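> I'd like to ask you about the structure that follows.
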Amino acid sequence: PPPPSRPSERRRKERLLRHTIDMLSAPLFRRRDARMKHFQCRQRMADALLLLCVCVCATALIGVALGGGRAGSKDGAMIASTAKSTSSLNKLNQRHHRINNRQPINRNSKMFMFKSKATPEDLDKIEPQEVATKQPAKVPDALKNRIKPGPRDFPVLRPNTPLLDMVRSPQNLKNLNMQQLKTLTKELRSDVINTVSSTGGHLGSSLGVVELTAALHYVFDSPEDKIIWDVGHQCYPHKILTGRRDKMATLRQEGGLSGFTKRDESIHDPFGAGHSSTSISAGLGMAVGRDMSGRRNHVVSVIGDGAITAGMAYEGMNHAGFLDTNQIIILNDNKQVSLPTQYNGGDQAPVGALSGALSRLQASQPLRELRDIAKGISKQLPGQLPEAAARIDEYARGIIAGGPSSLFEELGLYYIGPVDGHNLEDLVTILNEVKNTQTSGPVLIHVVTEKGKGYAPAESASDKMHGVVKFDVTTGFQNKKAGKTDSYTNYFADSLVAEAEQDPKVVGIHAAMGGGTGMNRFAKRFPERCFDVGIAEQHAVTFAAGLACEGMKPVCAIYSSFLQRAYDQVVHDVALQNLPVRFAIDRAGPVGADGATHGGAFDLSYLGCVPNMVIMAPSNEAELINMVATSMSIDDRPSAFRFPRGNGIGVDLQKNGIKGRKGTPIPIGKAKLLKCGTDVALVGIGDSVNECIKAAEILDKEFGVSATVVDARFCKPLDTEMMKQLAKEHPALLTVEENAIGGFSSQVTHYLCQEGLLDGGLKLRPLIMPDTFIEHATKESQINKAGLSAKHIVSHALGVMERKKQKADVERDIEVINEQLRNEKEKRRKMPPKAPRVSRSGGSVIVGLDDDDVPCE
C-alpha cells in the first residue's frame, strides 16, 4: 500500500497528543467538577434555609391573626418549638453524616440518606435468592444473656445501607456500575464503624482499606481467586462483603467471628493470619501449587508497610522474583512505618493527578506485554547487550516511577505505583489491567492509603484508632472502664523507667509494639535509649545481643507469641554466648479476644529447655516490679520474666517495700511460701498462684482440707529445697501454670523423679494448658476451658483426697474384720476343730487364719 499522506500522519499525532492530555488532565477536571458541585450544593442549601425561615414566620403570623391573644401565642410557640427540634435533629444527622463520610452537607442530595442509584435493570441482574432486606444482626442464643447494655454503653444507630443490604457474596458486586460501587464503599465504611463501635476491635486499619477491598472483590473472583490478607486485622470489610455481615455482632466474642482471617470460618479466607509478613510466602506457595495443578486462577497478597519491614517479606519477594511466577502483591502503604520512598516524608502529598496517570500507564496491558516481549528478545542478543538493555529498562522505569521501584525491581518484581488507595476508579482500572495482562512474573502494586479514612475521630487520633473498645460513633469517645489498678504492662514500663533513671546503661527495645508493650512510656522519658526495630523480632534479639556485648543492659519487650519468631536468635545469639539480655515477655497465658494467634502458652516450654536461662513469672504487680529489678542485677547470663495481659490484683506496693515503682532484687531461684497446710500442696507460678489461693480457701472452708500454697516465682532455676520439703511433708502435690506441656510442671516432675521422691506415696498432679488451641473468648472463659480455674484446682485436690479417704475406710473395715476374727478364734479354742470356712467381707476373701492371725486375701 502507498505510504500515508502527511496530513493524516499529522492528524494521528494530534489525536495521540490530545488523548494523552485528556488522560493526564482528567483528575484535574474531576476536582473542578467536584468544587462546582460543592458550590451549587451550598447555594441550594442557603435558598432552602431562607425559604424555611419565611414559611415559619408566615405561619406564626397567620396563627396569631386567626387565633388571637394567648391562643395565638401558644400556637406560635408550638410551631417555633417544632422548628427548633427539627433543626437540632438535622444538625445531629448532619454531624453523624459528616463524621462518617467527610462530604459537604447537602440535605437535598440523594447521597445524604445513602440512596441507591441502582436502576431496575441493574437490580434485576442480582439473583433473587441473594437479595435480602435489611435485618438486625443475628446474635447466637448463647450470647443473648451475656450481651446486656450497661449504663455506660452507647446507643448504636445502624446506618441506612440499601446497596450493602443486597450484597450477600462478592459476586453481587459485579452487577454494580462505578457510581454504585462508590456509594457501596460509603455504606461499607459506615457499617464497619457501626459494628466496631459495639464490639471493639481493629478500626483504623479496616477503614483504610475499604476502597481497596471493594475493588479487589469487584475485579477478582473469590474464592476461585485467592485474596490473602497479611496480619488480617484489616479484614472487617472483607468479612462483610463475603457473606458474614449478619455475624459481625459476634466479632471477637466466644463462639463468634475471629478478629483475623481464618480458614475454617469461610472459603473466602484462603490463609489464616494473626502474625505479620506471611502473605507473600503463602501466596507464592499457592501460585506454584496452582501452576503445578494446571489451573489459571489469580493469587493476590495484601501486605502493609509495617509488615513488609520484616525479613520474611523480603525472603518471599526474593524467591518470587527468582521463580518468576505470576503473583500479585499489593503494598498497602498507610505511612505508619517508614519505607524507602519520598512519599512518607514532610508535607508532600503521597499521590497526585500526575502520579495516578503514570500508575495507569505502568499498569497498561500493551506496555507490560510489549516490555515482556522486549525482555525475551534482549535475552537472545549476543555479548553484553542483554545487560545493557536491562539497564535501559531500569532507567526508564525509574523515570516513570520516581524512584521507589528500584528496590522491588532488583528483587524481580514489576513495580506499579504509587496509587491513590481511595480513588476507586484508578484501583479498578489498574487491577483490571494487571489481571488481564498475559505476562509472567510477580507484580507489586504500591497503594497509598490513610488509616482511619472517612471517620474524623480516627483521622485525628495519634494511633488512628488502631485498636479500640466500644465507642460513641458521634464523638469517637471510647468506653474504657477505669480499673482499680494499673495494667501489668504499665507497671513494667514504669519500673523500667525507674531503673533507667539510676542506670544510664539500661536500653529498651521493641518490635513495632510501643503501645502494646508499654515501651512508649519509656521512650517518652528516654527517647535516645529506646529503639523501635519494626516488625523484626529476630533482628531485635540479635540487636540486643550486640548491645550486651558492649556493656549495655538491653531489655527486649516482646509478646510471648511473637518471641516464637526469634527462637533461633534467643538460643544461638544470646544463650549460647551467655549474654545478659533481658526478655520482658508480655501477653503470657490466655489473652482473651485476640484468641489463639496471640495466646502465650509456650514460652515456659521453649525457654525452659535453653541452658543458662533464668525464667521468672510474677503473681502480682509487686512481684513484677521486683523481677524487673532482679533482671537488672543479673549480668552473667540471659533472663526472662513473663507477665499476663490485664490489670494487677491490687496489692499495696508500699507494704511490699516499693517506692516510686522502683523494685528490689529477689534471691535467684527462691520460691515464696504463702500458706501452710498438711493435706495437699498447691504450687503455682505466675497468675495461677492467685487461683491457688482461692482454691485453698474453698478447700479449707467447705471441705476441711488443709492446703499449702507456694508461689514458685522461678521456673528456672527451680527452688529444689522447697520442692523437696513439700514432697516429704505432703501426701499430694499439685502444680498449676498457664503454659503448655514442657513448662514449670515438667521442671518439677523431672527433679522429683531424679531425687526419687516419687518412689514413695507422693501423688503428683500437673495442671497445665490443654493440648489444643484455645479460641477467642473472655480470659475467664479461656481459663475455665483450660481447666485452670480455682474450682478445677479444688476438684483435682478433692480427687486426690477422695482416694485417701477410700483407703482409710478400707483399712478401718479390715481392722473391724480382724477384731471379729480374733473373737471367733477365742471361741474356737473352746470348741472342737472344724474345717476351714470361706467368708466374704467387703472386697476381701477370707479363707482362713495363718499363724500370725492375719487374714489372707
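> Set the Förster radius R0 to 45 Å, insert the Cβ-Cβ distance between Asn784 and Arg637 as r into 1/(1 + (r/R0)^6), and round the FRET efficiency to 0.05.
0.75
> Let me ask something additional. Probe radius 1.4 Å, ligands and nucleic acids ignored: give me the carbon and sulfur share of the accessible area of the range 686-797 as a rounded percent.
49 percent
> Report the gain in length on full extension from Thr678 to Asp472: 0.36 nm times residue separation, minus Cα-Cα distance, nm rounded to one decimal.
On the way: separation 206, 0.36 × 206 = 74.16 nm, distance 5.44 nm.
Fully extending the segment from Thr678 to Asp472 adds 68.7 nm.
> I'd like to know how the range 415-464 sits against the 2.2 N^0.38 Å rule of thumb: what's its Cα Rg over that expected value? Present the calculation step by step, with values, prior to reporting the outcome.
Values: Rg = 14.4 Å, N = 50, 2.2 N^0.38 = 9.7 Å.
Normalised Rg, Cα atoms only: 1.48.
> Amide H to amide H, which residues 5 or more places from Ile330 or on other chains are under 5 Å from it, using H placed in the peptide plane?
Close amide H contacts, sequence-distant or interchain: Ser301, Val302, Ile303, Ile445.
> Another question, then. Rounded to the nearest whole Å², what accessible area per residue is found for the range 400-482 with the 1.4 Å probe? Present the calculation step by step, with values, prior to reporting the outcome.
Details: 2950 Å² over 83 residues.
Per residue, the range 400-482 has 36 Å² of solvent-accessible surface.
> Another question about this same structure. Simple spin-label model, 7 Å along Cα-to-Cβ: Ser293 to Ser169 in nm?
Taking the two extended label points, one gets 1.8 nm.
> Once you keep just the Cα pairs under 8 angstrom separated by 6 or more residues, what percentage relative contact order results for the range 644-750?
Computed value for the range 644-750: 31 percent relative contact order.
> Could you sort Glu775, Glu697 by their accessible area in this structure, using a 1.4 Å probe and putting the largest first?
Largest to smallest exposure gives the sequence Glu697, Glu775.
> What percentage of the solvent-accessible surface of the range 535-678, computed with a 1.4 Å probe over protein heavy atoms, is contributed by carbon and sulfur atoms?
53 percent
> Taking 0.36 nm per intervening residue step and subtracting the Cα-Cα distance, what contour gain separates Leu407 from Ile741 on full extension?
Full-extension gain reported as 115.8 nm.
> Okay, moving on. State which entries of Lys672/Lys724; Lys481/Lys791; Lys659/Lys694; Lys335/Lys453; Lys182/Lys453; Lys655/Lys701 exceed 18 angstrom in Cα-Cα distance in the structure shown. Can you show the working numbers first?
Values: Lys672/Lys724 14 Å; Lys481/Lys791 27 Å; Lys659/Lys694 28 Å; Lys335/Lys453 13 Å; Lys182/Lys453 14 Å; Lys655/Lys701 28 Å.
Long pairs (Cα-Cα over 18 Å): Lys481/Lys791; Lys659/Lys694; Lys655/Lys701.
> Still on this structure: Please compute the Kirkwood hydrodynamic radius over the range 605-645, one decimal place, Å, based on all pairs of different Cα atoms.
10.8 Å
> Please report, in debye to the nearest 20, how large the charge dipole of the range 483-618 is about its Cα centre when each Lys and Arg carries +1 at its beta carbon and each Asp and Glu carries -1 there.
For this selection, approximately 180 debye.
> Additional query: Give, as a single signed number, the net charge of other residues whose beta carbon lies under 15 Å from the beta carbon of Gly306, with Lys and Arg counted +1 and Asp and Glu -1.
-3
> In the calculated pair distance distribution of the range 631-688, what percentage of Cα-Cα distances lie above 18 Å? Walk me through the numbers before you get to the answer.
Values: 932 of 1653 pairs.
Every Cα pair in the range 631-688 considered, those over 18 Å come to 56 percent.
> As an exercise, take the mean of 1/r over every pair of distinct alpha carbons in the range 560-660, invert it, and state the Kirkwood radius in angstroms.
Final number for the Kirkwood radius of the range 560-660 is 14.4 Å.
> Provide Rg and Dmax in Å for the range 492-533, with only Cα atoms included in the calculation.
Rg then Dmax for the range 492-533, in Å: 9.1, 26.
> Let me ask something additional. Which order do Glu729, Glu738 take when ranked by solvent-accessible area (1.4 Å probe, heavy atoms of all protein chains), largest first?
Greatest to least solvent exposure: Glu729, Glu738.
> Local charge sum around Arg713 (other residues, Cβ-Cβ under 9 Å, Lys/Arg +1, Asp/Glu -1)?
With Lys, Arg at +1 and Asp, Glu at -1, the net is -1.
> Which of Val448, Phe543, His510 sits closest to the plus end of the dipole of the range 432-546, meaning its Cα is farthest towards the positive end, when Lys and Arg get +1 and Asp and Glu get -1 on the C-beta?
Most positive-ward Cα: Val448.
> Can you tell me what percent of all Cα-Cα pairs in the range 189-336 are more than 18 Å apart?
Summing the P(r) tail past 18 Å for the range 189-336 gives 55 percent.
> If you add up the charges near Gly321, with Lys and Arg at +1 and Asp and Glu at -1, over every other residue whose beta carbon is less than 12 angstrom from its beta carbon, what do you get?
Net charge in that neighbourhood comes out at -4.
> In nm, to one decimal, how far is the Asp759 label point from the Asp771 one, both placed 7 Å along Cα→Cβ?
That separation, rounded to one decimal, is 2.9 nm.
> Once you compute Rg and the Kirkwood Rh from C-alpha atoms, what is the Rg to Rh ratio for the range 667-713? Could you put the intermediate results ahead of the total?
Working: Rg = 10.7 Å, Rh = 10.7 Å.
In the range 667-713, Rg relative to Rh is 1.00.
> Kirkwood hydrodynamic radius (Cα pairs, Å) of the range 247-325?
Evaluated over the range 247-325, this radius sits at 14.1 Å.
The values are calculated or read from the model by the stated rules, or taken from the named source; none is laboratory data. It should be emphasised that the depicted structure is a prediction, and the values quoted were computed from it without experimental measurement. As a convention, Cβ positions derive from the backbone with ideal geometry for all residues, glycine included, and neighbour counts pool all protein chains shown. What goes into the accessible areas is simple: the full protein's heavy atoms, side chains included, and nothing from ligands, DNA or RNA. Shrake-Rupley method; radii C 1.70, N 1.55, O 1.52, S 1.80 Å.
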